[in-house]
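Data block below; observations after.
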Amino acid sequence: MSDDFEKAVLINFNYGGIQDPQLKERAAAYIANIKQSTECWKLCVERYPSTLYPEVKFWCLQTLHEVICACYLQLDDGSRQAIKGALLTWLQRDCTVEQPALPPFLRNKLAQAIVAIVKREYPAVWPGFFRELVAAAGSGPGLTDMFVRIMVAVDEDVISLDIPRSAEETKLSMHLKDSMREQCISEVAAAWYNLTQLYKSSRPELAAFVLSSCARYVHWMDIGLVANDRFIPLLSELMDSPSPSLRGAATDMLTEVVSKRMEPTAKINLVQELKVVESCERLSSNLVAAAGASKAAAGTANSGGNSSSSTVNQDDELLAKYAKLLATLAGGVMDVLKRVENGKP
C-alpha cells in the first residue's frame, strides 16, 4: 500500500490518469515541501530501493541529481559518501539483473546522477572512477550497458562543447578531458574495443551502443587509440554485419575517425590504412544494393506490411550514413591536397 509520499509522487506523474486539478495541486505542493528540506536526499536513499513504482524511483534519482548539482560540495563528508554509496550500490545491484531489467529511463537517470558526482570529484577526489567503471563493464551485459550510458552522460553533461556552456563549465570540460587523456582514456578505448568484440555476435544492439558512445570521443582523443591495427579491421568487419544497427554504428565511427583533423602526411597514411578505395567500392555496392532492397520493401509496405516499412526506414538511415562516410572521405582527401599545395601543415 502506498503512503502519502508515494501517492503524491504518483499523482505528480499523472499515474492512473488522475484528472482532479485540486488533487494535483496539493500533491505538487506536498512534493515541493519535501524538496525544501536540506536532507531530502535521505528520503531518496531510503525510498529508492523499497518502492515498487518506477515513477517513485525516478523521482528519487531526479531529486538526488538536483541535490548533487545544487549543494553536493557543501554537504559533510558522511552525507556525500552516503549518496555516492547508494548510487553505486544501485548500479551494481539493479543493473546486473535482466529479469526484470531496470527500465532505460531509470538507467539514464542513474547514470546522470553518478556523472554529476564525477563532475565534482574527478580527478582530485575520485581519480580511479573511469578505471573502476571499465573494470565493472566486463562483468556482464547489464553493466556494459551502464558503462555506455555513463560515458554518454559524461559527454553530454560535462565534455561536449556542442551544448552551450558557461566559461566555468567550459574550463571544467577542458580539465576533465586533459585528465582523461593523462590517466585513463587509453583504458577506456580498450574497453570500447573489447566490449564491441565481445557482443558483436551475441548482442549486436549492445555492441552498436558501445560503438556509438566511442564515436563521441574520437574528435578529441589520440587518434591512434582507434585508428590502429585492431580497431580498424573490426570496424571494417562490422560494416558487413547482418545487424543494421551495428553496420550503422561502425559507419558512424569510421566517419568520426576520417573527419579528425591531423597533419597531411598522417592523414594520408590513415586514409591508406583505411583502404579508402576499397571502402568506397564496397560502400558504393552496398548503396546500390540497399537502394534496390528499399524499393522492393517499399512496394511490400504499400500493400500493408508494417515490418517492411521499418526495414525501409533502416535502409534509408544506412544509405545516409554510407553517403556521409563517402563524402567525409572525399572531403578529407581534398583538404589534404589543398593544404599540401598551399604549403600549409
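Assorted remarks:
- Checking Ile117 against (1) open to solvent by 60 Å² or more (accessible area, probe 1.4 Å); (2) under 23 Å from His175 (Cα atoms); (3) in a helix (DSSP H, G or I), the condition it does not meet: (1)
- Matching entry among Glu156, Glu182, Glu169 (being open to solvent by 10 Å² or more (accessible area, probe 1.4 Å) and under 26 Å from Arg93 (Cβ atoms)): Glu156
- Here the condition is being in a helix (DSSP H, G or I), touching a helix residue (DSSP H, G or I) at 6+ places or on another chain (Cβ under 9 Å) and open to solvent by less than 40 Å² (accessible area, probe 1.4 Å); of Met221, Met253, Met262, it holds for Met253 alone.
- Just so you know, in region 178-201 the residues that are small (Gly, Ala, Ser) and more than 12 Å from Leu246 (Cβ to Cβ) include one that is farthest from the chain's Cα centre (by Cα), and it is Ser179.
- Qualifying residue in region 200-211 (condition: outside any helix (DSSP H, G or I), of a type in the set (Asp, Glu) and out of contact with any Phe, Trp or Tyr (no Cβ under 6 Å at 6 or more places or on another chain)): no
- Within region 48-79, the only residue that satisfies the criterion of being closer than 13 Å to Ile114 by Cβ and either touching a Ser or Thr at 6+ places or on another chain (Cβ under 8 Å) or open to solvent by 50 Å² or more (accessible area, probe 1.4 Å) (or both) is Cys69.
- Qualifying residue in region 126-134 (condition: closer than 16 Å to Cys69 by Cβ and either assigned to a helix (DSSP H, G or I) or not hydroxyl-bearing (Ser, Thr, Tyr) (or both)): no
- Only one entry in Leu246, Leu287, Leu235, Leu283 is part of a helix (DSSP H, G or I), open to solvent by less than 10 Å² (accessible area, probe 1.4 Å) and modelled with pLDDT under 80, namely Leu283.
The values are calculated or read from the model by the stated rules, or taken from the named source; none is laboratory data. Small disclaimer: the values here were computed from a predicted structure and weren't measured. Virtual Cβ from ideal backbone geometry, glycine too; neighbours counted across all protein chains shown. Side chains are part of the model used for accessible areas, which takes the heavy atoms of the whole protein and leaves out ligands, DNA and RNA. Shrake-Rupley method; radii C 1.70, N 1.55, O 1.52, S 1.80 Å.
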